[in-house]
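Here is the structure we will look at, set down as structure tokens.
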Amino acid sequence: MPRQFRHPVVGYSAAILLQFLATSLSLLLIYAFANFALSAVPMILVIVLIGILWGATPSLLAVISGVLLFSTVIIPPHFTLVIPRISDVWEFGLLILLGFLIALAASQRERSRRRTEELATLLGQAHARAEHERLRLRQVLEVLPTGVTITDGQALILEMNATMRALLELETPPAGQSIRTLAKSWRPAADLSTPAQQGALARALETGETALDKEMEIETQSGQHKTILHSAAPLRDESGAIVGGVVADMDLTEHKQLEEALREANRQMDSFLGMASHELRTPLTVLRLQIQVARRRIQRLASAEAAGRALEPAQEPLARMEQQLGRLDRLVSDLLDVSRIRAGKLEVRLESVDLAALVLQIVEEQRQAAPARTITVHLPTCQLAPLLLDGDRIGQVLTNYLTNALRYSPAEQPVETGLEMEGQQARVWVRDAGPGILAADQERIWDRFYRVQGVEARSSTGAGLGLGLSICREIIERHHGQVGVQSTPGSGSTFWFTLPLVRQADGL
Ligand code: ADP
């Protein structure tokens, strides 16, 4: 029925009008057939029609108007509500009963129609919401810097974002295909000789297993080799059943190339470091020898009174040359040690060493090198059993700690050093009243070439290359010990290292 006729007012009008027409039809039939006994049938048909087309209330009005017309117009005596004949009473009762049953059925039908309409509206809204979410998800996927592919339970592609399409050199999203067919080969980076037996996605779909960050090598359709970080996980419905999979791929090709370039640059730097420090060693040794020869000759000449005074001005530059030569020597030694460490060739020769005596010897050397400074030593009162260690290398560590302490603290402040036992280890420490080190720098000063900004050397020995502490750490770790520093900016620092008293099973 057209929409404009569906209004209830049209239904009410139609109910009354059609009942008048039905009454007229009944009268006509009674007039035509004297024994016509079904005079209520046209009215009942009208009630059915109104119920179907307009629903419960108009059909109720059709019942009432039908009943009134039937009793007043059809059944004699006319224009009264009196029904004297028993057969008419039956027909009248049947009309009322059927009329009400039809009106009831019409109201049920209408109620279920309204429910169906409501459900259809809700379904429409849910569908619109789902579509909106799908669009949003697709937009988010499109801007992700990681390649994402969503598949169904048979590993066939449903969605693929722009990053993934770029990675596989595809122009359009390949819906309905298997991801495996989109590249010529997929191989695990750890073993390039064998193609991947079963993909991470297939496993995820089969067993529900999530595979994270597997490095793979792929060959694209155009023949390009790419390194990717490949992850796959199953997608499940509310009941937990696997209904699809999601694959995430990150292109590491550029990253890998940069890493290789960096490794190559590092290799070149290491070989340069090794070569340069070796080449510098020879002229340095010659220089030191020549200076020693010159000093000896001057001393010999100076024994004559007059020549001694004449040679006096040559002594100081010679001493300064020796001092700078010592500094140069230390820098080259550091470079050589670092290149040995990088090449894994730093040798540690174990011997039985009296650690307390070694500490005293190194302190004495530093006292002679810096006679103006005060260096105090704290040693344990009891005799310490000799330890198995490389005396030269451990001496080098303590020397480095002491020269740093002297270098970075004011000349008038003493430097303290000590040796103590701590359970199963010996602990050697050096304390200064220098500028201290910020917590953020305390970890990093042990790295190669790291120097704290704004911390200046106060002695004439000058600052180093930031290598000393990294060499110290390597030497101590090779002895299975530990290094560390306790420091408060403004209140000085205490550098320490420990050495195990018991020799390690692997003998270093
Ligand atoms: P360098 O030869 O430059 O001293 P090191 O590896 O021995 O190299 O030390 C690394 C950095 O740690 C130094 O440059 C300095 O900034 C800081 N440092 C080392 N010892 C001390 C100290 N006793 N007090 C303050 N800063 C120190």
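The values are calculated or read from the model by the stated rules, or taken from the named source; none is laboratory data. Predicted, not measured: the structure shown is a model, and the values here were computed from it. Virtual Cβ from ideal backbone geometry, glycine too; neighbours counted across all protein chains shown. Calculation scope for accessible area: heavy atoms of the full protein, side chains included, ligands and nucleic acids excluded. Shrake-Rupley method; radii C 1.70, N 1.55, O 1.52, S 1.80 Å.
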List the residues, sorted by chain then number, that are 5 or more residues from G464 or on another chain and whose placed amide H is less than 5 Å from its amide H.
none
If the reach is capped at under 19 angstrom between alpha carbons, list the aspartates and glutamates near K184, excluding any in the same chain fewer than eight residues apart.
E169, E171, E215, E217, E219, D249, D251
Mind checking which lysines have their Cα closer than 30 Å to the Cα of K345? Skip sequence neighbours fewer than 8 apart in that chain.
K256
For T151, T116, what's the largest-to-smallest order of accessible area, 1.4 Å probe?
T116, T151
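Run the dipole for the stretch 1-131 about the Cα centre, Lys and Arg Cβ at +1, Asp and Glu Cβ at -1, nothing else charged, and hand back the magnitude in debye, nearest 20. Write out the running numbers ahead of the final one.
Numbers: 9 positive and 6 negative charges, 64 e Å.
The dipole of the stretch 1-131 has a size of about 300 debye.
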For the chain, what are the DSSP H helices with axial Cα length of 30 Å or more and mean Kyte-Doolittle hydropathy of at least 1.6?
8-32
Between H278, S239, H225, whose Cα lies farthest towards the positive end of the dipole of the stretch 218-318 when Lys and Arg beta carbons carry +1 and Asp and Glu beta carbons carry -1, centred on the Cα centre?
H278
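How high is the relative contact order of the chain, in percent, counting Cα pairs under 8 Å that sit 6 or more residues apart?
Across the chain, relative contact order equals 7 percent.
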At 7 Å along the Cα-to-beta-carbon direction for both Q108 and E215, put a label point, then send me their distance in nm to one decimal.
7.4
